[in-house]
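Below is one structure; the comments refer to it alone.
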Amino acid sequence: MIKTNKDKLLTLAFQGQVVPAQVVRTYQATWDGRAKMCIGIGGINYNLKTGMEVFGWANGDRAEPGVSTDGVGNDGQKNGYRQKTGVGNTVQVTSGDAKGDYGTIIGKHGYRLPGNAQHVLVHFNDGTLDNLNIDDKLKVKARCIGLKINGYDDVMVHSSSPELIEGMGIEDVKGKLKVPVALEVPAKIVGAGYGTQAHSSHIDIQTCYPPDIKEYGLDGLRFGDIVALRDVSCNYGRHYYRGATTIGIICSGPSEISGQGIGVTTILSNLEGKLDPVESKDANLKNILELE
């Protein structure tokens, strides 16, 4: 199994809060010209959880599982929360009826709303969800920035805790990292997200061409699935790069809006073929992080 430099990472506290559900406008036009009332962005989502299928939710569009959160304070402080927290980091509720309860970060999802909203997504158990309120304060014990896999300095690690990377079942075999994934996705169906930096937000697998959904196996995806994006680099900003591989987590549901689709939080990337995806039906955050 792999080893990391986890003992050398700084562990910092970041404050966030539960944010309300948002929409761009009352209706949006789909790729084929229909008017759609899109829901699922922001707020407390009671019945969309890690491990559930991404398709089939009525009017859901880019829907976010779990609880949507953002940082507090000025823009710099908010960006600290968005960028320096990682999937697998522990979240503690510090105010309201659920004070003292704990959750786990499961992804990051950006959305072009007024104010350019970016959400850090958190999994809580059902009891905590029932007691949470909008604007409740959260404290994240963040340990992720600077994480490396020993012997693989050219493999970039993004938005990931040591618990996530070490729990994924990655194996070091003959100079390559064999990474269990639920699905491999080609760059030609990757959409919105190119040009953005990889420590916050996401990149989309387009779902605006229905035949691709079945052809590439997207219809079997679940929230929290680990996927490989072929010929996509996220080393220093997301872009097309032939031969590169990016590993990510399904963080949001599909979209019928042009260029949009299933959101992927990026966690690993490499330009030179050091990441070798291996198909596994168990490659999901629910199993890796033992989420209730």
Can you find a residue in segment 132-143 that is assigned to a strand (DSSP E or B), under 30 Å from G217 (Cβ atoms) and of a type outside the set (A, V, I, L, M, F, W, C)? no
Please count how many residues of segment 1-36 are over 30 Å from E166 (Cα atoms) and either of a type in the set (A, V, I, L, M) or assigned to a loop (DSSP other than H, G, I, E, B) (or both). 16
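Taking segment 230-270 only, how many residues are assigned to a loop (DSSP other than H, G, I, E, B) and either of a type in the set (S, T, N, Q) or touching a Pro at 6+ places or on another chain (Cβ under 7 Å) (or both)? So that I can check it myself, show each step before the final result.
Restricting attention to segment 230-270, the residues satisfying the condition of being assigned to a loop (DSSP other than H, G, I, E, B) are 234, 236, 238, 253-260.
Of the ones still in play, those that are also either of a type in the set (S, T, N, Q) or touching a Pro at 6+ places or on another chain (Cβ under 7 Å) (or both) are 255, 258, 260.
Selection size over segment 230-270: 3.
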Among the residues listed as D61, D97, D70, the single one being acidic (D, E), in contact with a His (Cβ under 8 Å, 6 or more places away or on another chain) and either over 19 Å from E163 (Cβ atoms) or touching a residue at least 40 places away in the same chain (Cβ under 8 Å) (or both): D70
Of the conditions (1) out of contact with any Asp or Glu (no Cβ under 8 Å at 6 or more places or on another chain); (2) surrounded by 15 or more Cβ atoms within 10 Å (Cβ to Cβ); (3) of a type in the set (F, W, Y), Y27 satisfies every one except a single condition; which number is it? (2)
(1) in contact with a Cys (Cβ under 8 Å, 6 or more places away or on another chain); (2) at pLDDT 95 or above all hold for D70 apart from (1)
Out of T90, T11, which single residue is within 18 Å of the chain's Cα centre (by Cα), modelled with pLDDT of 95 or more and among the polar types (S, T, N, Q)? T90
Looking at the structure I just gave you, is T30 in the same structural domain as D136 (by TED's automatic domain parsing) and touching a Lys or Arg at 6+ places or on another chain (Cβ under 6 Å)? yes
Selection within segment 41-62 - under 14 Å from the mean Cα position of the chain (by Cα) and either of a type in the set (F, W, Y) or surrounded by fewer than 22 Cβ atoms within 10 Å (Cβ to Cβ) (or both): K49, G51
Take I213 and tell me if it is of a type in the set (A, V, I, L, M, F, W, C) and closer than 18 Å to K148 by Cα. no
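The values are calculated or read from the model by the stated rules, or taken from the named source; none is laboratory data. Worth saying up front: this structure is predicted, and the values here are computed from it rather than measured. Don't worry about glycine lacking a Cβ; one is built from the backbone with ideal geometry, like all the others, and counts go over all protein chains shown.
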